[in-house]
Each structure stands twice: as structure tokens, then as C-alpha cells.
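Have a look at the structure below before the remarks.
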Amino acid sequence: MQDLRVKATDDLVKKSKLRLLEMHHASKVGHIGGNLSALDALLLVFHEFLNAEDRFILSKGHAAGALYIALWSIGLISDEELRTFHQDGTRLAGHPPPNSLPHVDFATGSLGHGLSLAAGTALAMRLKNVAATVFCLTSDGEWQEGSTWEALIFAAHQKLSNLLVMIDCNGLQGFGHTNEIASMSGLQGKLSCFDIDVEVVPGHDLIALRADELYKNAVQDIQMS
């Protein structure tokens with residue numbers, strides 16, 4: 001399939017969000033809010049940051065729709081296949097199935113596991129001397145789970161500089177607002193205690209996301225078609 005990567009623009013984001021809404025409306029299922037809150041960052045990663053050796057792990061598997069739209073936007077999923085979202089026999093399940101789509105190495109969506117997978121992948125790449133970055137998108141609700149913090153302890157101890165973790169802080173989790181279920185206030189400070197670099201960036205601002213020092217340090221030799 002033709003590589004359709006172009007620089008992420010506001011027009012691309014608007015077109016992708018509209019296609020996401022059409023896909024969910026047709027299927028009558030899906031976590032629309034959690035998909036829309038992450039889509040801008042996903043489009044930027046797939047269009048401008050992800051290189052051939054890099055890996056992407058969608059820890060918040062319920063945002064599979066946003067991942068499918070990002071893959072559609074770079075020509076790896078057809079418009080026709082998007083119409084099979086959440087249907088019997090589809091590759092586009094409610095949570096991404098492993099090894100059936102590009103950039104989907106693991107089944108995710110049992111929240112709290114994705115960062116462990118990403119940290120292990122980053123360590124494996126370092127041991128194999130592979131110059132690549134592992135991108136991992138988590139939800140803020142996942143940081144209410146102990147397994148996520150265990151993965152962070154491991155990543156910090158191993159000094160995995162090839163791991164870039166994104167937290168989609170939309171303030172929501174399965175049972176309501178994160179601050180009502182278990183307060184997530186001060187998350188930046190808590191993360192910084194592990195001696196890791198932390199940046200807070202508006203998730204729908206492409207210019208701010210693109211200028212983020214963490215992204216720029218993680219990504220080198222970007223190849224644009």
C-alpha cells in the first residue's frame with residue numbers, strides 16, 4: 001500500500017477526527033472521548049516521529065480506534081477496512097489484536113500492562129544495540145494501577161533513555177473522573193521523583209507537541225515522504 005505520510009497539519013487532524021467519528025457511528029460502539037483525546041499525538045507520532053526500527057505500544061487499548069485512524073492516515077489501513085471496525089472477522093477489533101496489523105506487537109487494553117511491555121522492549125533493543133525509540137501511550141487512569149508504577153521503577157532503574165512514555169491526561173477512567181475515583185493531582189511531581197525527564201504539553205496543540213524537548217531528543221533522522 002502506498003505510503004501516505006505527510007507532515008501532520010490541522011487539516012489532517014480534522015479529517016482524521018471526522019473519519020474516527022464516522023467509524024464509531026457506523027459501528028455503534030467505542031470509547032469516543034478516549035480516542036479523540038489521544039488522536040492528535042498519535043498522528044504526530046506516526047507521521048513525523050516513528051522511524052523504521054522504532055516501536056509503538058498502545059497501552060490504553062480502548063483507544064484502538066485512534067490507532068486504526070492513524071494507520072489509515074499513513075496508508076496502512078484502507079477506507080474499506082475501516083468499515084469493518086468491531087465486526088465479526090475483522091482485524092480492527094475493539095482492542096488491537098497482536099501481529100495482525102502493522103505496529104501492533106502486543107494485545108493491549110488490560111490497563112496497566114502496556115508500560116511493562118514497552119520497558120521490556122526498550123531494554124531488549126538496547127541489549128541488541130538497536131538504535132530505536134519505543135513510544136508508549138498510556139492513559140492517566142492507568143497510573144492508578146500499581147503495575148504501571150512497577151514498570152516505571154524498572155525503566156528508571158535501567159535508565160531506558162530509548163523509552164518515551166506519553167500520558168493522555170483526559171481526566172477520565174472507566175468509573176468516572178480520575179480525581180473523583182483516586183486523585184491524580186500532582187502526577188508530574190510524582191513522576192519526577194523517579195529522576196526522569198517530564199514535560200507537560202497541550203495534547204491538541206501540534207506546534208507545542210512538535211516542539212517538546214523529549215520528542216526532539218528521542219527522534220533523529222526523521223524520513224518524510
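The values are calculated or read from the model by the stated rules, or taken from the named source; none is laboratory data. Keep in mind it's a predicted model, so treat the numbers as computed, not measured. Cβ sites come from the backbone with ideal geometry, for glycine too, and all protein chains shown count toward neighbours. Note: accessible area is taken over every heavy atom of the protein model, side chains too, but ligands, DNA and RNA are not part of it. Shrake-Rupley method; radii C 1.70, N 1.55, O 1.52, S 1.80 Å.
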Contact list, first residue from the range 107-124 and open to solvent by less than 20 Å² (accessible area, probe 1.4 Å), second anywhere and polar (S, T, N, Q) and assigned to a loop (DSSP other than H, G, I, E, B), beta-carbon distance below 6 Å, six or more apart or interchain, is Thr108/Ser59; Gly114/Ser59; Gly114/Thr108; Leu115/Ser59; Ala122/Asn162
Tell me, which helices (runs of 4 or more DSSP H) lie completely within the range 14-85 with 1 or more residues that are touching a Pro at 6+ places or on another chain (Cβ under 6 Å)?
-> 64-73
Yes or no: Gly33 under 27 Å from Leu117 (Cβ atoms), at pLDDT below 95 and open to solvent by 10 Å² or more (accessible area, probe 1.4 Å)?
-> yes
Could you tell me which of the residues Ala52, Ala38, Ala70, Ala63 is over 9 Å from the mean Cα position of the chain (by Cα) and either of a type in the set (Lys, Arg) or surrounded by 20 or more Cβ atoms within 10 Å (Cβ to Cβ) (or both)?
-> Ala70
The range 189-204: number of residues that are open to solvent by 70 Å² or more (accessible area, probe 1.4 Å), part of a loop (DSSP other than H, G, I, E, B) and within 21 Å of Ser161 (Cβ to Cβ) = 5
Do we find a residue being among the β-branched types (Val, Ile, Thr) and more than 26 Å from Asn162 (Cα to Cα) anywhere in the range 44-65?
-> no
Verdict on His95 being modelled with pLDDT under 95, within 14 Å of the chain's Cα centre (by Cα) and either not in a loop (DSSP other than H, G, I, E, B) or not aliphatic (A, V, I, L, M) (or both) | yes
Within the range 75-98, track down each residue that is open to solvent by 10 Å² or more (accessible area, probe 1.4 Å) and within 28 Å of Arg126 (Cα to Cα).
-> Leu76, Pro97, Pro98
Can you tell which of Leu137, Leu172 is under 18 Å from Ala41 (Cβ atoms) and at pLDDT below 90?
-> Leu172
Is it true that Leu43 is hydrophobic (A, V, I, L, M, F, W, C), modelled with pLDDT of 95 or more and open to solvent by less than 10 Å² (accessible area, probe 1.4 Å)?
-> yes
Subset of the range 139-182 (residues that are without any contact (Cβ under 8 Å) to a residue 12 or more places away in the chain and within 19 Å of Ser37 (Cβ to Cβ)) = Phe175, Gly176, His177, Asn179, Glu180
Among the residues of the range 1-51, how many are touching a residue at least 12 places away in the same chain (Cβ under 8 Å) and among the acidic types (Asp, Glu)?
-> 4
Across the range 75-102, the tally of residues that are farther than 23 Å from His25 by Cβ and in contact with a helix residue (DSSP H, G or I) (Cβ under 7 Å, 6 or more places away or on another chain) stands at 1
Given the residues Lys15, Lys28, which is the only one that is farther than 28 Å from Glu142 by Cβ and surrounded by fewer than 20 Cβ atoms within 10 Å (Cβ to Cβ)?
-> Lys15
